[in-house]
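Notes to accompany the following structure.
The values are calculated or read from the model by the stated rules, or taken from the named source; none is laboratory data. Small disclaimer: the values here were computed from a predicted structure and weren't measured. Cβ coordinates were reconstructed from backbone atoms using ideal geometry, including for glycine residues, and neighbour counts include every protein chain displayed.
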Amino acid sequence: MGEISDQADHIESGHSILFCPEVIRMDTVDSTNSELMRRCRLGPVPAWTAVISQEQTAGRGRLDRSWQSEPGSGLWCSVLVDLSGCPSPTWLPLISGLAVLDACIGLDAAVELKWPNDVTAGGKKLGGILIESAGRPNQWIVGIGINVTVAHFPHSVALSDLCFPLPDTQTVFHGVLGSLHAVVESWRETTWDTSQVSVRYQSACASIGAQLSIARPGVNTFLAEGVGIDESGHLVVQRVGENPEVIVAADVVHATIR
């Protein structure tokens, strides 16, 4: 427990990615987030270090969900992001979503966002994002999974359904990593201002204006309309005849695609 996986294929310096100190490439791993977290626990890891694997045997999602991936079927990667000085790290999932959106659009894939961490195409899930603390102050692990050749679950889609010609996983990885760096550093340069990010996110988020089914532990599932994003990046919904309320963490299903 806590040891670095011995399945690492190789570590390459980020010569072709100027801001990336190293890319740790693996054939198989339990979870790229877990692997990067293990390395962070052993000592300082430079920001923008990335882990990418051909396969995950115990990938993790929100609300403690787990899943497996077929070897070579998608992009499974994690990136260490430093947010020193940022007063609003709760925006990182949304910022990361915009980065993946930009990367997919750059591949000519028509996609949208679903609050808080999904990238979808026509309502079908293309990929997801999981943000976890790296265990060190101001450092966060951004885990990103994107279906490239195969859509793994019902109501899901792959880039192979959206792009022609289909980009290889390496191209997708470079696009996502570059986009994440660009969006985060642009956010940093604005002294972590979220006003423009909020406008942009809400314009790309299919959850805004949609009828949603909201499920939270200990609370009966209810229907509401997504009406916006609050100052912390949380979803604001409104039930018929009631005041708007803020959703911090929940299962949010677009009622039209249940």
Those residues that are more than 24 Å from Ala110 (Cβ to Cβ) and either in the same structural domain as Thr120 (by TED's automatic domain parsing) or hydrophobic (A, V, I, L, M, F, W, C) (or both), I need them from the stretch 194-234; list them, please. Thr194, Ser195, Ile214, Ala215, Val219, Phe222, Leu223, Ala224, Val227
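Could you check the stretch 29-55 and list, in sequence order, the residues that are among the charged types (D, E, K, R) and in a loop (DSSP other than H, G, I, E, B)?
Matches in the stretch 29-55: Asp30, Glu55.
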For the structure I just gave you, tell me whether Asp102 is touching a helix residue (DSSP H, G or I) at 6+ places or on another chain (Cβ under 7 Å), within 23 Å of Leu36 (Cβ to Cβ) and not polar (S, T, N, Q). yes
Answer yes if at least one residue in the stretch 51-66 is surrounded by fewer than 18 Cβ atoms within 10 Å (Cβ to Cβ) and either at pLDDT 95 or above or aromatic (Phe, Trp, Tyr) (or both), and no otherwise. no
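Residue under question is Val237, and the condition is that it be out of contact with any Lys or Arg (no Cβ under 8 Å at 6 or more places or on another chain), within 23 Å of Ile95 (Cβ to Cβ) and surrounded by 14 or more Cβ atoms within 10 Å (Cβ to Cβ); does it hold?
On the way: out of contact with any Lys or Arg (no Cβ under 8 Å at 6 or more places or on another chain): yes; within 23 Å of Ile95 (Cβ to Cβ): yes; surrounded by 14 or more Cβ atoms within 10 Å (Cβ to Cβ): yes.
Yes, satisfied.
Going through Gly241, Gly178 one at a time, which residue ends up being part of a helix (DSSP H, G or I), out of contact with any strand residue (DSSP E or B) (no Cβ under 7 Å at 6 or more places or on another chain) and small (Gly, Ala, Ser)?
Numbers: Gly241 fails: part of a helix (DSSP H, G or I).
Testing whether each residue is part of a helix (DSSP H, G or I), out of contact with any strand residue (DSSP E or B) (no Cβ under 7 Å at 6 or more places or on another chain) and small (Gly, Ala, Ser) leaves just Gly178.
May I ask you to verify whether Val100 is in the same structural domain as Trp192 (by TED's automatic domain parsing) and buried (at least 24 other Cβ atoms within 10 Å of the Cβ)? Don't jump to the end; show me each part of the working.
Numbers: in the same structural domain as Trp192 (by TED's automatic domain parsing): yes; buried (at least 24 other Cβ atoms within 10 Å of the Cβ): yes.
Yes; evaluated as a whole, the condition is true for this residue.
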Residue check for Asp168: of a type outside the set (Val, Ile, Thr), under 24 Å from Asp230 (Cβ atoms) and free of Cβ contacts under 8 Å to residues at least 40 places away in the same chain: no
Please verify whether the stretch 129-139 includes one or more residues that are buried (at least 16 other Cβ atoms within 10 Å of the Cβ) and not in a strand (DSSP E or B). yes
